[in-house]
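Chemist: Take a look at this one; I'll ask things after.
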Amino acid sequence: MSRRPQHPSSTASAPAKASKANTAGEAFSPAGGEGYPELPDLDLLSVHGARVHNLKNLSLDLPRNGMTVITGISGSGKSSLAFDTIYAEGQRRYLESFSAYARQFMGSMERPDVDKITGLSPVISIEQKTTSRNPRSTVGTVTEIYDFMRLLFARAGEAYSWKSGKKMVRYTEEQILMALLERFGGKPVYLLAPLVRGRKGHYRELFEQTRRQGYVKVRVDGEIRELEPKMQVDRYKVHDIDVVVDQLIAKPNAKEKDQVRLQRSVSTALGLGQGALGVIVKGKEEEYHSFSRRLMCPDTGLSYEEPSPNTFSFNSPYGACPECRGLGELQTVDRERCVPDPSVPIQKGGIAPLGEVRDNYLWDTVRKLARKYKFSLAKPVGELKPEVLELILEGKNKKGDEIPPEKDPGRWYTLANGVVGLLENCYSGTSSEGLRRWAEAFMTRSPCPVCEGTRLKMESLWFRIDGKHIHDLASMDLASLGAWLEGVEERLSDRQRKIGRDVLKEIRERVGFLLNVGLEYLSLDRPARSLSGGESQRIRLATQIGSKLTGITYILDEPSIGLHQRDNHRLIEALHDLAAADNTVLVVEHDKDIMLAADHIVDLGPGAGVHGGELVAAGSPKAFLKQRSLTADYLSGKEEIPVPAERRKGNGKAIKLHGAKGNNLQNLTVAFPLGCFIGITGVSGSGKSTLINETLYPLLHNHVYQATKTPL
């Protein structure tokens, strides 16, 4: 195999073996250097003639199975090389590996402007802009730790009754039969055998098989239906399917043949339902009860369905709180935002959602109310009678007065339910994003009163391991969770220990990876949208380490952002672990510690934009420091940023915050002097962003621009 010519002005010299370079400290010689053996092309990731954006026909070799830092001044072409060339080509090759039939649905990617890239393995990008905005994403779901915890609680959790608090026991078939007679004696009941719970499919074969067994009715998603030939359901929706085994009246003192019938029906239903039995009690309101040979409360007769991982998922209807649907919080109308200033008259915008008086449908309703209840629109809102204000805001008041509904039932933009009802309808009942944002400006988020922010239904929180339910563990900071995991097996029963050994090992390893990248202050229930770019990157990095993939090219975009220097060594160790697993790690970075810990450094420049895009220097850290490069000069101490001899004194004024309690702020009082350059620092998670971005900024924004942002 022939090698392409080496040009000192545009390429790095040949590297030494990358996987062992970190111990030697000199994996690559400087451009034009000598004394380092050349590697075969198999050990190189080679880029030939890259011209993406401002790259000037750039060619260079990078070590495989090692850690390379790509650095240079802002705009020098680092991201163009790492993401827009190497990653883009890896993505394109992945799509090209699909069949022509699959590609017609997926589309194709344009080839980056590069002559050739060799030695490129499958690529994974970890960028700063990957923070999820999905309100259902948490640290636990992103890292998949919560998925393992769901499995652990579904298989090893001990159930307790939410009525009595006692541990649930397993009943025999005879005990279930006695409970039926005692609780539903004399009432008509349907005995059901659950066949499908929370799964997608058309189930045509299941219905046909059930019909051939002699059954005539099934209960599909809460509705009892006759079994028909070729019957099926929507294959793309989640379904619950039960077969109706018998319909009878449960009589404690029934004749022997009736008792035998009930006993046989119960036995048949438990057999078909794999130990589970459903009972529908007919009456004024249909009641559904589930029984199981596995879990039941001895005092109250309460029974739970057999737990599955979905039982503990707030992203599944089988585990989510029915009130907030697994979000943990509700968006409710804030009356203080609706009436920001009680001294302002109604016609001048005293009720903010209505705005100032105008000739439209809503104001016609307000004028009718004014005539009926004899109040003036020129009167300040604060001087209105409480029942009148309540009527306008809620659509009714304690006296029983109501705003009559409109004659046109299709009209939704109405005050029939008051201003509050109007805003709620605009928020949840429209497809217009602009209208939704308008309504959201008068609303606030508050913890769900039913689940109290746990996101889960009540039954899910009554399965315990070592006395803790799943949200107890999810709400711990990772340092506390790691400490709990270390000794938990000693506190478990023999059964729990055998079942949970492998799952606990996996959870323990993944939590350890997060601790190693300096995220011990986070908790698994922390929303992903609240994470900074640096935190998001480090979480994805820990997830990739936990996935234990090998032969991958990882490309990271400044993972040190948001990380205190105290924790830099943890990030470096994580990157080294990733490279040690036979992966190629490319890091776009400016941090000194990470650059000096790399196996190889590539410096692009010499300037930005049209003045950049060239290879300035490359080599191992030791060799790199000897080369002529602006980056090398700062690393070696030849260049430095001087400390100012004088400091600005400011203008003598200050902005003061009193009693800041957002997130982890401990009733903080702090002053910010004006006319100065102020630095806010501290270790990761100390509350810097909470103080500035989520407390000070909303307050100033509201004061200056009359906005409605809510500070923490």
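Chemist: Whenever you get a sec, compute what percent of the accessible area on the range 605-696 sits on carbon and sulfur atoms (1.4 Å probe).
Modeler: 54
Chemist: Also, I was wondering about something else. Counting heavy atoms of the protein chains only and a 1.4 Å probe, report the per residue accessible area for the range 163-311 as a whole number of Å².
Modeler: Using a 1.4 Å probe on heavy atoms only, each residue of the range 163-311 averages 57 Å².
Chemist: Where the accessible area of the range 225-367 is counted over protein heavy atoms with a 1.4 Å probe, how much of it, in %, is carbon and sulfur? All intermediate terms of the calculation are to be shown ahead of the outcome.
Modeler: Working: 3410 of 7650 Å².
Here carbon and sulfur together make up 44 percent of the probe-accessible area.
Chemist: State the answer as a single residue: which of THR669, LEU473, GLY434 lies farthest towards the positive end of the charge dipole of the chain, with beta carbon charges of +1 for Lys and Arg and -1 for Asp and Glu, about the Cα centre.
Modeler: GLY434
Chemist: A follow-up question, please. What part of the accessible area of the range 511-595, given as a whole %, is carbon or sulfur when the probe is 1.4 angstrom?
Modeler: For the range 511-595, the apolar C and S fraction of the accessible surface comes to 50 percent.
Chemist: Can you tally the net charge around SER530? Count Lys and Arg as +1, Asp and Glu as -1, for every other residue whose Cβ sits under 14 Å from the Cβ of SER530.
Modeler: +2
Chemist: Find out how many positive minus negative residues lie around LEU295, taking Lys and Arg as positive, Asp and Glu as negative, among other residues whose Cβ is under 11 Å from that of LEU295.
Modeler: 0
Chemist: Given a 1.4 Å probe, how much area per residue of the range 613-701 is accessible, in Å²?
Modeler: 67
Chemist: Ok, one more. Excluding same-chain residues fewer than 8 positions from LYS163, which lysines have a Cα within less than 17 Å of its Cα?
Modeler: LYS457
Chemist: Is there a pair in LYS548/LYS592; LYS78/LYS592; LYS656/LYS709 whose C-alpha atoms are over 22 Å apart, and which pairs would that be?
Modeler: As for pairs spanning more than 22 Å Cα to Cα, those are LYS548/LYS592.
Chemist: Each residue of the range 106-111 in order: what ³J(HN,Hα) in whole Hz does its phi give by Karplus 6.51 cos²θ - 1.76 cosθ + 1.60, θ = phi - 60°, with x for Gly and Pro?
Modeler: Running phi through 6.51 cos²θ - 1.76 cosθ + 1.60 with θ = phi - 60° gives 8, x, 10, 10, 6, 6 Hz.
Chemist: Counting only Cα atoms, I'd like the Rg/Rh figure for the chain, Kirkwood definition for Rh.
Modeler: Reported Rg/Rh, Kirkwood definition of Rh: 1.06.
Chemist: Separate question: Give me P(r) over the range 120-261, computed from all C-alpha to C-alpha distances, binned every 10 Å, as integer percentages.
Modeler: In whole percents, the pair-distance histogram is 9, 21, 25, 25, 12, 6, 2, 1.
Chemist: When only alpha-carbon atoms count, how far does the range 242-348 stretch along each of its three principal axes, as whole angstroms with the largest first?
Modeler: Sorted largest first, the three principal extents are 80, 34, 28 Å.
Chemist: While we're here: Over the range 368-520, what per residue volume does the convex hull of the Cα atoms give, in whole Å³?
Modeler: 237
Chemist: Moving on. Using the heavy atoms of the protein chains and a 1.4 angstrom probe, tell me the accessible area per residue for the range 89-154 in square angstrom.
Modeler: Ligands and nucleic acids excluded, the figure is 55 Å² per residue.
Chemist: Mind ranking 79-87, 223-231, 449-457 by how tightly packed they are, going by the mean number of other C-beta atoms within 10 angstrom, highest first?
Modeler: In descending order of packing, they fall as 79-87, 449-457, 223-231.
Chemist: Also: Taking θ = phi - 60°, what integer Hz values does the Karplus form 6.51 cos²θ - 1.76 cosθ + 1.60 yield along the range 240-250, in sequence order, with x for Gly and Pro?
Modeler: 10, 10, 10, 9, 7, 7, 7, 10, 7, 10, 7
Chemist: Where the only charges are on Cβ atoms (+1 Lys, Arg; -1 Asp, Glu), what is the dipole of the chain about its Cα centre, to the nearest 20 debye?
Modeler: Values: 97 positive and 88 negative charges, 369 e Å.
In total the dipole reaches around 1780 debye.
Chemist: Under a cut-off of 17 Å between alpha-carbon atoms, report the aspartates and glutamates in cross-link reach of LYS688, not counting same-chain residues fewer than 8 places apart.
Modeler: Answer for LYS688, where 17 Å is the Cα cut-off: GLU520, GLU535, ASP567, listed by chain and number.
Chemist: Further question: Enter the per residue convex hull volume of the range 463-607, computed from alpha-carbon coordinates, in Å³ rounded to the nearest integer.
Modeler: About 128 Å³ per residue, rounded to a whole number.
Chemist: Show that you can apply the helix-only estimate: for the chain, add -39,500 (n - 2.57) for every DSSP H stretch of four or more residues, divide by all residues, and state [θ] at 222 nm to the nearest 500.
Modeler: So the helix-based figure for the chain works out to -9000 deg cm²/dmol.
Chemist: Any idea of MET476's accessible area? Nearest 10 Å², probe 1.4 Å.
Modeler: Probe radius 1.4 Å; accessible area of MET476 about 40 Å².
Chemist: I'd like the isolated cysteines in the chain, meaning no second cysteine's beta-carbon lies under 4.7 angstrom from theirs.
Modeler: Here CYS297, CYS338, CYS426, CYS676 come out as lacking a disulfide-compatible partner, given the Cβ-Cβ threshold of under 4.7 Å.
Chemist: In a shell of Cβ-Cβ distance under 9 Å around TYR304, excluding TYR304 itself, what net charge do Lys and Arg (+1) and Asp and Glu (-1) give?
Modeler: Net local charge, TYR304 excluded: -2.
The values are calculated or read from the model by the stated rules, or taken from the named source; none is laboratory data. Since this is a predicted model, take the numbers as computed values, not measurements. Cβ sites come from the backbone with ideal geometry, for glycine too, and all protein chains shown count toward neighbours. For accessibility, only protein heavy atoms count, side chains too; no ligands or nucleic acids. Shrake-Rupley method; radii C 1.70, N 1.55, O 1.52, S 1.80 Å.
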